[in-house]
Structures are given as C-alpha cells and as structure tokens.
1. Enumerate the aspartates and glutamates that Lys90 could reach by cross-link, defined here as Cα to Cα under 16 Å, with residues fewer than 8 away along the same chain left out.
2. Can you list residues from other chains, or at least 5 along the same chain, whose modelled amide H is less than 5 Å from the amide H of Asp51?
3. If I take R0 = 22 Å and measure r between the Cβ atoms of Arg83 and Gln58 in this structure, what FRET efficiency does the formula 1/(1 + (r/R0)^6) give, to the nearest 0.05?
4. Once you put a point 7 Å from the Cα of Ile73 and another 7 Å from the Cα of Arg48, both along the Cβ direction, what distance in nm separates them?
Amino acid sequence: MNSEGQTGAVVNDWPPAARLALAAGLAWCLGCQDLPADTFRCGQKVVRTGDSEAELLQRCGEPMERQSATEEIWLKDGLDRVRVNRWYYKLSERRLQRVVVLYKGHVVEIRTGSR
C-alpha cells in the first residue's frame, strides 16, 4: 500500500515507454496463440472452414497440387459420402503441409499433412 492508500501499480502512472512496452508484449502474446484446428495461416492471412474457393486462392495462391476424390465428410445432415477437391499447400520447408478439402466451392476441412 502506498501513501495514498492504494495497492499495486497503476498503469497510467507508468512512463510512456513502459506502457508502450507492455502493449507490445501483450499484442505479441496474443499473436502467438495457436489457431484452431479448422484454420491455418498463409503469411499474414488466415484461412478458415467456410471460406470460399476464391478467398482461399486470394489468401494462399495456387496450391502445389489438386486432387478430386470421393470421401466421407461431415455435412449439416451428418456424415455423407461426396465428391470433394483436395488442395495441397506447403508454404515453407519448416511448416507442415496443409490439405484443404473443398466441397461445392467452400472449405469444409483443413488437415495437417507431412513435412
């Protein structure tokens, strides 16, 4: 407790440089959080399930490979066997491959592949 009867430090009483350092540290910590499994990052942009094929192309560019296949995926009405497109992205040597599954022009699943 200080002489005015307050406990702890009040951020407004800190010098501007200390407040800036605190804000930068908090922003950095928030940016380091892992993304949910149904998202992945292409540079500064994030791809999510539900995004359109056009949004995926805009954010990540052309995939290194495209495949079509019939597989079971979860839809509104439950598990269904449908024709999907799989797009493969490898954004760097140090990052895992991402397999983006598209159905009717939208991202329905994002899988993590091998290095």
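Just so it is clear, none of the values below were taken in a lab; they were calculated from the coordinates. All values derive from a computational prediction rather than experimental measurement. Backbone-built Cβ (ideal geometry, glycine too); neighbour counts: all protein chains shown.
1. Candidates past the 8-residue exclusion: Glu62, Glu65.
2. Amide H neighbours of Asp51, under 5 Å, 5+ apart: Val107.
3. 0.35
4. In this crude label model, Ile73 to Arg48 measures out at 1.8 nm.
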